Amino acid sequence: MFVNVGRLLAALVLACTGLVLSQGAAQACTCESLTTQAATKAATSVFTGTVTDSSTAAKPDGQRGTITTYDVAVERVYKGQVRTATLTVTSSKDHLGCGPARVRDDEPYVFFTRTSGEELRVTRCGGTAPATDKLVGKVEKLLGAGRPPVPDEPEQAVFTPVSDAEPTPFTRLAAPGLALVLAGLLGLGLARRLGRHH
């Protein structure tokens, strides 16, 4: 049986090339070596929150790839200038073929975001992951207990008028003082009279 050695070699080269490329792309999308400390240091903002809605669309201006947008209800802020209870986070498919961050709706996550213009972005290899007790514990060990996104409003004093009560007349308020003044004057007069008799 005759075998075309040239074609066989070409097929082997193509197979090996494809294998190397696929392994390289897979390694580029692997985040096993990323530590919480490294993700915290690289992030502009770190917070916990739950995705309430998400959508994916093509990149604008004819760019290749897609952008996924997440609406997030923020629960606690550990780093950054997040000061709203809800915000939008984006994630895109990059040139290596890595897809957006793996984030599901209605589940709590720890977000490690970076600022790009006015946008907050997350990547698959940026550290964003489900908000397990272990991960939250690591974040709090590095950044502290965090704060709510919107500061609590200070309690205001409430004055309740009493409908049945009438203002106390001035004469009633002044009566005790007048009585003391009169008693003092009488005592002074009595003391003078006694002094004259002596």
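The values are calculated or read from the model by the stated rules, or taken from the named source; none is laboratory data. Everything numeric here is computed off the predicted structure, so don't read it as measured data. Methodologically, a virtual Cβ is constructed for each residue, glycine included, from the backbone with ideal geometry; neighbour enumeration extends over all protein chains shown. These area figures cover heavy atoms from the full protein model, side chains too; ligands, DNA and RNA do not enter into them. Shrake-Rupley method; radii C 1.70, N 1.55, O 1.52, S 1.80 Å.
Looking at T123, is it touching a residue at least 24 places away in the same chain (Cβ under 8 Å), part of a loop (DSSP other than H, G, I, E, B) and β-branched (V, I, T)? Write out each step before concluding.
Values: touching a residue at least 24 places away in the same chain (Cβ under 8 Å): yes; part of a loop (DSSP other than H, G, I, E, B): yes; β-branched (V, I, T): yes.
So T123 fits the description; yes.
Restricting to region 61-96, and then to whatever is more than 13 Å from the chain's Cα centre (by Cα) and open to solvent by 70 Å² or more (accessible area, probe 1.4 Å), can you tell me which residue is farthest from E118 (Cα to Cα)?
Looking at residues that are more than 13 Å from the chain's Cα centre (by Cα) and open to solvent by 70 Å² or more (accessible area, probe 1.4 Å), I get L96.
Scan region 168-189 and tell me whether some residue there is at pLDDT below 65, among the basic types (K, R) and either within 30 Å of T48 (Cβ to Cβ) or not in a loop (DSSP other than H, G, I, E, B) (or both).
Among the residues of region 168-189, at least one is at pLDDT below 65, among the basic types (K, R) and either within 30 Å of T48 (Cβ to Cβ) or not in a loop (DSSP other than H, G, I, E, B) (or both), which makes the answer yes.
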